[in-house]
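The values are calculated or read from the model by the stated rules, or taken from the named source; none is laboratory data. Small disclaimer: the values here were computed from a predicted structure and weren't measured. Don't worry about glycine lacking a Cβ; one is built from the backbone with ideal geometry, like all the others, and counts go over all protein chains shown. To get the accessible areas, we keep the full protein, side chains included, count just its heavy atoms, and leave off ligands, DNA and RNA. Shrake-Rupley method; radii C 1.70, N 1.55, O 1.52, S 1.80 Å.
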Amino acid sequence: VEKLQSDLVSGDLPALIALHLYWLSSLGDDYASVDLLNYVDDPKWGLDAESIADIPQVFLDQFAVEDQLVAMPVAPQGTVLFYNQNWAESLGFDSAPKDEVSFSEQSCVARTANLDDFDQENDYTGGLLMNYDPSVLLSWYYAFGGSISSDELPKFNNEAGQSAFGYLSSLYAPEKGCIWVGRQPEPYLYFANRFALMYAGTLDQIPLQRSWTKQAGAEDQWTITGFPGPDGEVMLIDGPGLFITEDSPEKQLAAWLFAKHLLTPEVQARLVQSMFSLPVRESSMDLLTDFAAANPQWLTAVEKIDLAHPMPISDEWGFARWILQDAIIRLFALEDPDVEEILSELDKTIREFEQDTR
């Protein structure tokens, strides 16, 4: 963003930008992008019907704003739960939790197992290793029926918010302890050494977890799963968009042609192998047979795209996410929290911040 601000001052803004939409508001009114529907639908330079059908709708929905397509997806990431299959099986579970009831049961049984063994170092661990990242918190909110509209200020003091964060708070409470907070910033060694049955992360952490598991000498098989709620699993997807800046017709067309190149199945396959992202083109999977076989956790996420929801891209979510994070950290820090009161204060703070930034 600082580089783009500098480019604006010098009058040399790039024709094509890959960035999360909510960061663009910091560029002010001097920046403007074009509606990409004009290029997508162009009979000569656009995408044909087969190519459009090859892109899962959830990737396009993220950038559909007020009848415009403000950007094209390029390297979407999935927010998921990492899950230790072998340890779960030894605890008596044959599959990852599909709803909040089975999630509670598995988390609490793992906690009890670590408390009851002869290793004092793992006492009061075992269940879900807590992650306060805003995308993780929003995933829980969506898993309990929540949603955020692109044209409304985010609100969390509602049935979904009270259910989701009340649920997490109850599992974290001392009398249960089925959710715990680690001292180390990274989850990988905790997971490899059976301190955590599950932790939340993104698909690009798969190779890191594999390396840490190997280094720890662990042989557990693990996979990924969505966030379980009353109606099943949810996976949120997020990633930068390809924005074309307003310029001459020639430069805009050149930017579009390069963006279109980045969306070809061949390039998408290369990006996936480099970034562990989700493929924007379904036909890329024909080029990823070996990669999928070597990375079954990633393949599991691809198979869950039908369950996916797009992450909000509005300016309001850009600042509300950090206020949400602060509120849930506070929720977990209190001994006997009033969930509704904290969420009410959260919504109030979001409204005040929005008014101050107008």
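Data overview
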quantity: Residues of the stretch 178-189 satisfying the condition of being crowded, with 20+ Cβ neighbours inside 10 Å and either at pLDDT below 95 or closer than 21 Å to residue 105 by Cα (or both); calculated: 178, 179, 180
quantity: Positions within the stretch 274-291 being out of contact with any Asp or Glu (no Cβ under 9 Å at 6 or more places or on another chain), under 18 Å from residue 240 (Cβ atoms) and open to solvent by 30 Å² or more (accessible area, probe 1.4 Å), in sequence order; calculated: 274
quantity: Restricting the stretch 196-228 to residues that are under 20 Å from residue 136 (Cα atoms) and open to solvent by 40 Å² or more (accessible area, probe 1.4 Å), the residue that is nearest to the chain's Cα centre (by Cα); calculated: 204
quantity: Selection status of residue 6, more than 26 Å from residue 152 (Cβ to Cβ), more than 25 Å from the chain's Cα centre (by Cα), assigned to a helix (DSSP H, G or I) and at pLDDT below 90; calculated: yes
quantity: Matching residues, the stretch 14-32, being surrounded by 15 or more Cβ atoms within 10 Å (Cβ to Cβ), at pLDDT below 85 and not in a helix (DSSP H, G or I); calculated: 31
quantity: Helices (runs of 4 or more DSSP H) within the stretch 49-120 that include 3 or more residues open to solvent by 60 Å² or more (accessible area, probe 1.4 Å); calculated: 49-53, 85-90, 100-116
quantity: Test for residue 274: is it more than 19 Å from residue 134 (Cα to Cα), in a helix (DSSP H, G or I), out of contact with any strand residue (DSSP E or B) (no Cβ under 7 Å at 6 or more places or on another chain) and polar (S, T, N, Q); calculated: yes
quantity: The stretch 325-346, subset under 22 Å from the mean Cα position of the chain (by Cα) and farther than 14 Å from residue 169 by Cβ, residue surrounded by the most Cβ atoms within 10 Å (Cβ to Cβ); calculated: 325
quantity: Within the stretch 253-264, tally of residues that are surrounded by fewer than 20 Cβ atoms within 10 Å (Cβ to Cβ) and either closer than 19 Å to residue 32 by Cα or in contact (Cβ under 8 Å) with a residue 40 or more places away in the chain (or both); calculated: 6
quantity: Pairs where the first residue, in the stretch 100-118, is over 16 Å from residue 232 (Cα atoms) and the second is of a type in the set (D, E, K, R) and modelled with pLDDT of 95 or more, C-beta under 9 Å, 6+ apart; calculated: 110/194; 113/194; 114/194
